[in-house]
Amino acid sequence: MSSGNTTTDHKVIQAWIEERKGRPSVVSGTEGDNGEGILRVDFGPKEDRLEEIPWEEFFKTFEDRKLAFLHQDRTADGKESRFFKFVKR
């Protein structure tokens, strides 16, 4: 059985995403009054709906929304996992 970990540590989050060749992103067109869009991580070929953003902007939105990062390091069969989701603290 595989398990998930939850963190708010920016260095841990950034390292996990970069190790999997992910890019911090927002969904285009979802910006609110505060200018922040829906956070995503783009792993594969660039998706048209996702706009890459700087890490500073990513973590500003992450903190403003009081999010935590739930992620899995390995699948049940030991392979590297890309499973994650943003959860409320």
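Remark: residue 6 matches the filter, which requires a residue to be in contact (Cβ under 8 Å) with a residue 24 or more places away in the chain and either over 12 Å from residue 58 (Cα atoms) or of a type in the set (Phe, Trp, Tyr) (or both).
One residue stands out in the stretch 14-35 among those that are surrounded by 13 or more Cβ atoms within 10 Å (Cβ to Cβ) and of a type in the set (Gly, Ala, Ser): the one that is nearest to residue 63 (Cα to Cα), namely 25. What do you reckon, is residue 11 assigned to a helix (DSSP H, G or I) and loosely packed, with under 12 Cβ neighbours inside 10 Å? Yes, satisfied. Quick one: which of 68, 76 is open to solvent by less than 20 Å² (accessible area, probe 1.4 Å) and small (Gly, Ala, Ser)? Exactly one of 68, 76 is open to solvent by less than 20 Å² (accessible area, probe 1.4 Å) and small (Gly, Ala, Ser), namely 68. If you scan the stretch 46-83, which residues turn out to be touching a residue at least 60 places away in the same chain (Cβ under 8 Å), outside any loop (DSSP other than H, G, I, E, B) and touching a Lys or Arg at 6+ places or on another chain (Cβ under 9 Å)? Scanning the stretch 46-83 gives 68, 69, 70, 71, 72, 80.
The values are calculated or read from the model by the stated rules, or taken from the named source; none is laboratory data. This is a predicted model, so every value here is computed, not measured. Methodologically, a virtual Cβ is constructed for each residue, glycine included, from the backbone with ideal geometry; neighbour enumeration extends over all protein chains shown. All accessible areas refer to the heavy atoms of the entire protein, side chains included, with ligands and DNA or RNA removed. Shrake-Rupley method; radii C 1.70, N 1.55, O 1.52, S 1.80 Å.
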